[in-house]
Amino acid sequence: MHRRGFLKAGLVTVLAGRPAIAQMKMDDMPGMGGHAGHDMGAAPSQGAAALPEGEALRDLPLLANKAGTSGLFKARLTAEPATVRFAEGLDTPILGYNGMSPGPLIEAVEGDRVEITFANRVPDEASTIHWHGMPVPADQDGNPMDPVETGTDRTYSFELPEGSAGSYWYHPHSHGKTAEQVYRGLAGAFVVKPKADPIPAGYGDTVLMFTDLRLAADGTLPDNTMTDLMNGRVGDYVLVNGQRNPALTVPFGTKRRFRLYNATNARFLRLSFDGAPMTIIGTDGGLLEAPVAADDILLSPAERLDLIVSFDKPGPATLYTLDYDRGWMGAGRPADAGLTLFTVHVSETPADAVPPLPDRLRPIAQLGAPAVSRRFVFTETMAMSATSMEMGFLINGAAFDMNRVDIVAKAGEVELWEIVNEADMDHPFHVHGTQFQVVEHERDGKVSEPPYLAWKDTVNVARGETVRLLLRQDRPGPRMYHCHILEHEQLGMMGIVDVQA
Ligand code: C2O
Ligand code: CU
Ligand code: CU
């Protein structure tokens, strides 16, 4: 295929003013060599600043609830420039929520009413806060059609219904700026707790939020390259709660609850805990029906998993990455395997006895027979002329248009969505405003069922694969669906479903 040959030719420039298409002009290419290593996304790249590792794991700071009454969560989130020190002696300008990245952890309880005032202080850019995965009204969900201009505030308010406990997150969704605002630092976790939690409190409850960092030698965050636009940005480091390979010490026999979040723009994380058995207890939209043991897990961009890890023998236990080929365009596929993300030192001291994990966690009602079926075909296009190359990421042949409704659905009706990936890369599919149930995967004519029934808002659709899922939107209004490789979303792989009452 000619495109691979072309991509080896070197760095290319994206012209402005073509929102749905990345266009590169041969004339603008600075040529090969030089910074190819960096531009092609090798990790860590030559010239990248070195990050210290092994510091004590930081818990994400909690967003303080300013409401004086129970049942209400009230706070303020400001998106603003901040400076952090990732590497010794280097200041890195980032964007943070309340000055930090990841943003503060929001913890609320089912049944709560939430009122969060968002102050956009990102210089010269509109932003929004999108409540990823949460059952909030469409006009409170930070859609690109509802920008919060720089220097202005708006309050998002919504109720957390019964049964909505889960591991959600928040990030900007501003038109044409989402990918950049997220890799510059804007993302945070939002945990909704159930009124009564079946998981023993003695296991703790720790969010591990994975973000991606590319750091230039001068400490700045480089802009996206052409390779980033094609594959999604994959930087030099995967951080956990903003730290490189942080450490935690626990007594042996400890069981810990970890909520894993993939908040990277485009990293596929296939993970395993060396020497410490993992049990999956929940997904994006909350607990499973019953715990499921797992040797390794795949977290595609935007997915979450709730895990119990048993630290049964003294010594180090590390969370590390395994190989996963998600389809890479061009040269410089980053090494996926062998990154140590997190180290737990299991001491010789035995832990106090903790209650066992219950066999049943909660019931999950299966969504019934669909009233409507729809098909969404994902493709990548690439057109080349003598002087330029254009790339598009499309759903059913169309790139996103904020002024176009792609499909109309009825509130309360179950639909079967068939996501067909006819492209050369995996695309993690996400829908706003609801949680869905994956019914089956089909690849090369082989149909398989997911290993457990679960509520999810993001599912990876591997290249050549078809995923079928059931979903129901209960609240009216426009909702986005898109690939959660944020560069693909930005280049057009997104559509709008208008839900009517
Ligand atoms: Cu995580 Cu449309 O978003
Ligand atoms: Cu979302
Ligand atoms: Cu994609």
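Can you compute 3J(HN,Hα) from phi for each residue in segment 397-407, using the Karplus curve 6.51 cos²θ - 1.76 cosθ + 1.60 with θ = phi - 60°, rounded to whole Hz and x for Gly and Pro?
Values, residue by residue: x, 10, 8, 3, 9, 4, 9, 10, 8, 8, 9 Hz.
Please tell me the relative contact order of the chain in percent, rounded to the nearest whole number, where contacts are Cα pairs under 8 Å and at least six residues apart.
16
Along the Cα→Cβ direction, 7 angstrom out, place labels at Glu348 and Arg375. What is the inter-label distance in nm?
6.5
Explain nothing, just the number: dipole magnitude of segment 72-193 about its Cα centre with +1 on each Lys and Arg Cβ and -1 on each Asp and Glu Cβ, in debye rounded to the nearest 20.
200
Report the extension gain between Asp323 and Tyr452 in nm, rounded to one decimal, defined as 0.36 nm multiplied by the number of residues separating them, less their alpha carbon distance.
Fully extending the segment from Asp323 to Tyr452 adds 44.1 nm.
Check each of the GluC sites (Glu not before Pro) in segment 134-206 and keep only those in coil by DSSP with at most 15 other C-beta atoms within 10 angstrom; list them in order.
Those satisfying the criteria are Glu149, Glu162.
Amide H to amide H, which residues 5 or more places from Leu322 or on other chains are under 5 Å from it, using H placed in the peptide plane?
Arg270, Leu271, Ser272, Gly338
I need the calculated FRET efficiency for the pair Thr387 and Asp498, taking r as the beta carbon distance and R₀ as 41 Å, to the nearest 0.05.
Once rounded, the FRET efficiency stands at 0.55.
Describe numerically, in nm with one decimal, the distance between label points set 7 Å from Cα along Cα→Cβ at Glu115 and at Ala247.
4.6
How much length is gained on full extension from Thr150 to Asp424, taking 0.36 nm per residue of separation minus their Cα-Cα distance?
That works out to 94.9 nm of additional length.
Determine, from the Cβ-Cβ distance of Arg76 and Ala398 and an R0 of 35 Å, the FRET efficiency 1/(1 + (r/R0)^6), rounded to the nearest 0.05.
Efficiency computed from Cβ-Cβ geometry: 0.35.
Restricting to Cα pairs below 8 Å that are 6+ residues apart, what does the relative contact order work out to for segment 169-214? Please round to a whole percent.
Computed value for segment 169-214: 38 percent relative contact order.
For Trp169, Trp328, what's the fewest-to-most ordering of other Cβ within 10 Å of each Cβ?
With the sparsest Cβ surroundings first, the list reads Trp328, Trp169.
Once the other residues with Cβ under 14 Å from the Cβ of Lys313 are scored (Lys, Arg +1; Asp, Glu -1), what is the net sum?
Within the 14 Å Cβ shell, the charges total -2.
List the residues whose amide H sits under 5 Å from the amide H of Asn460, counting only those 5 or more places along or on another chain, with H placed 1.01 Å from N in the peptide plane.
For Asn460, whose amide H was placed from the backbone, the distant partners under 5 Å are Phe429.
Please report the relative contact order for segment 201-350, taking Cα pairs under 8 Å with a sequence separation of at least 6, and give it as a percent rounded to a whole number.
Over segment 201-350, the number comes to 28 percent.
Could I have the simple spin-label model distance between Lys193 and Ala50, label points 7 Å from Cα toward Cβ, reported in nm to one decimal?
Those two pseudo-labels are separated by 4.2 nm.
Can you grab the distance from the C-alpha centre of segment 332-391 to the C-alpha centre of segment 177-229, Å, no decimals?
Cα centroid to Cα centroid, the span is 14 Å.
Could you list Ile129, Ile280, Ile485 in order of exposure, starting from the residue whose Cβ has the fewest other Cβ atoms within 10 Å?
Fewest-to-most Cβ neighbours within 10 Å comes out as Ile280, Ile129, Ile485.
Quick one: Karplus J couplings for segment 183-193, per residue in order, coefficients 6.51, -1.76, 1.60, θ = phi - 60°, nearest Hz, x for Gly and Pro?
Once rounded to whole Hz, the list reads 5, 7, x, 8, 6, x, 9, 10, 9, 9, 8.
Can you list the HN-Hα couplings for segment 53-59, worked out from phi with the Karplus curve (6.51, -1.76, 1.60; θ = phi - 60°), rounded to whole Hz and with x for Gly and Pro?
Taking θ as phi minus 60°, the curve returns 9, x, 6, 4, 4, 8, 6 Hz for segment 53-59.
No lab work stands behind these numbers, since they all come straight from the coordinates. All values reported here derive from a predicted model rather than from experimental measurement. Backbone-built Cβ (ideal geometry, glycine too); neighbour counts: all protein chains shown.
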